[in-house]
Amino acid sequence: MRRLLFALVLFAAIVAGSAYLSLNASYQGFREPVILDFPKGTSTEEMANQLAQNGVIRYSWQFLMARALNEGETLQAGEYRFARADTPSNILNRISRGDVFFYELVVPEGSNIFDIAASVGHFNFLKSSDFLRAARNPALIRDLAPQAPTLEGYLFPATYHITRSTTVAQLCAMMTAQFRKQWRELQDPASARPVNELVTLASLVEKETGRPEDRPIVASVYENRLRKGMPLDCDPTTIYAALLDARYRGTIYRSDLTSDNAYNTYRHAGLPPGPIANPGLASLKAALAPAQTNYLYFVAKPDGSGAHQFSETIEQHNVAVQQYRRATKP
């Protein structure tokens, strides 16, 4: 009887030891990466079943055992990606840490709310229309820029990590928080100029040139024209006005130039009501510290470099325009 009892105890110890060791043995029962979503309220048993059914662990009891040995841990809801062999213990630790899978939303410098909405729409858990609706509400930056008509200009260009649980409201909050962080480091507390004016100017600079060395000069052109009461005649504002009116056709037509939309700077003097895009750091810096020049005009150089020819008089500008047209004529 004693021998039988000893044998049973020994067998149980061997089984328990093997089971324990299996918690630290790597396993991969899938060929392609597996993404599992554990909504809030998912039980440990349901997690274990999904992990086993999808080949992340060999047996569901392994996850349950690892959980029993770590009762103090809280399992985090979210979406998890499994791409390589791993142990049940490590998988439990990942879910306890909330090591959720992130999607990347890349917002390039100069993107407007329509561009961002299109990118957002590529995710099957967010809608472009919902993002546009949220972006048109300026409440998130009302304290900083009371005159801002929307969040345009304040959705800072960067790469953002989002999950399936991220809402468009949370996304807008992330982007405006990043803008605030950058603005705190740039702004001159002594400046009395409204933030919305500076960000609007920066957005014009951003859309006019991608050359860092030209940005302060372009900013100076617009500042000089504003001081003289001259229309800005900024093509990107006309395009933005057409976008707002849902009539942009890929190029600027005469009807766009004569549009009464408040953003059309060919028709209305001064800056438009708000930014026309979301400027990056370099354009914000250029708006805050424009170059000291007497330039009033600029046109792209015909060499394809992206550089601009700046002029102080309309006569000089007309010559530069003619040179550009001759060089680019088919």
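Whole-Hz Karplus values for the stretch 282-299 come out as 5, 6, 4, 5, 5, 5, 6, 9, x, 5, 8, 9, 10, 5, 10, 9, 7, 8 Hz, taken residue by residue from phi with 6.51 cos²θ - 1.76 cosθ + 1.60 and θ = phi - 60°; glycine and proline positions read x.
The 3J(HN,Hα) values that the Karplus relation (6.51, -1.76, 1.60; θ = phi - 60°) gives for the stretch 68-75 are, in residue order, 5, 7, 9, 4, x, 6, 9, 7 Hz. Gly and Pro appear as x.
The value of relative contact order for the stretch 32-185, using C-alpha pairs under 8 Å at least six residues apart, is 20 percent. The distance between label points at Ser191 and Arg97 comes to 4.1 nm (points 7 Å beyond Cα on the Cα→Cβ vector).
Within the same chain, aspartates and glutamates fewer than 8 places from Lys181 are excluded, and of the rest, those with a Cα less than 16 Å from its Cα are Asp143.
Each peptide among 195-205, 173-183 gets the average number of other Cβ atoms lying within 10 Å of its residues, and from highest to lowest they stand as 195-205, 173-183. With 20 Å bins beginning at zero, the pair-distance distribution over Cα atoms of the chain amounts to 25, 38, 22, 11, 3, 0 %.
Suppose R0 equals 22 Å. What FRET efficiency, 1/(1 + (r/R0)^6) with r the Cβ-Cβ distance, do Asn294 and Arg211 give to the nearest 0.05?
The formula returns an efficiency of 0.60 here.
Projecting the Cα positions of Asn90, Leu132, Asn196 onto the charge dipole of the chain (unit charges on Cβ atoms of Lys, Arg, Asp and Glu, taken about the Cα centre) puts Asn90 furthest along the positive direction. The orientation-averaged projected area of the convex hull spanned by the Cα atoms of the stretch 143-218 comes to 6.3 nm².
Listed by chain and number, the aspartates and glutamates whose C-alpha is less than 17 Å from the C-alpha of Lys207, apart from same-chain residues fewer than 8 away, are Glu109, Asp115, Glu152, Glu197, Glu223, Asp233, Asp235.
Ranked by the mean number of other Cβ atoms within 10 Å of their residues, highest first, the peptides 87-93, 22-28 fall in the order 87-93, 22-28.
Couplings 3J(HN,Hα) of the stretch 302-312, computed from phi: x, 8, x, 7, x, 6, 10, 9, 9, 9, 9 Hz, in residue order, whole Hz [Karplus 6.51 cos²θ - 1.76 cosθ + 1.60, θ = phi - 60°; x for Gly and Pro].
Only aspartates and glutamates eight or more places from Lys329 in sequence, or on another chain, were considered; those with a Cα closer than 17 Å are Asp303.
Semi-axes of the equivalent ellipsoid for the stretch 129-182, computed as √(5λ) from the eigenvalues of its C-alpha gyration tensor and ordered from largest down, come to 18, 14, 8 Å.
The residues of the chain have, on average, 54 Å² of accessible surface per residue, using a 1.4 Å probe with all protein chains present. A straight chain from Lys40 to Arg133 at 0.36 nm per residue would run longer than the Cα-Cα distance by 30.8 nm. Which part of the stretch 99-128 falls in the paramagnetic zone of Ala246, meaning amide N under 15 Å from the point 7 Å along Cα-to-beta-carbon? Label zone hits: 114, 128.
Can you list the residues of the stretch 24-60 with backbone N under 16 Å from a point 7 Å past the Cα of Leu69, pointing along Cα to Cβ? Within reach of a label on Leu69, which here means backbone N under 16 Å from a point 7 Å along Cα→Cβ, the stretch 24-60 contributes 24-27, 57-60.
When N is the residue count of the stretch 174-330, what does its C-alpha Rg come to as a fraction of 2.2 N^0.38 Å?
That works out to 1.06 for the stretch 174-330.
Rolling a 1.4 angstrom probe over the stretch 124-208 with all protein chains present gives an accessible area of which 50% lies on carbon and sulfur atoms. The distance between label points at Lys228 and Tyr324 comes to 1.7 nm (points 7 Å beyond Cα on the Cα→Cβ vector).
The values are calculated or read from the model by the stated rules, or taken from the named source; none is laboratory data. The shown structure was predicted, so the numbers you read here are calculated from the model rather than taken from an experiment. Heads up, the Cβs are rebuilt from the backbone with ideal geometry, glycines too, and the neighbour counts pull from every protein chain shown. SASA here: full protein model, heavy atoms, side chains in, ligands and nucleic acids out. Shrake-Rupley method; radii C 1.70, N 1.55, O 1.52, S 1.80 Å.
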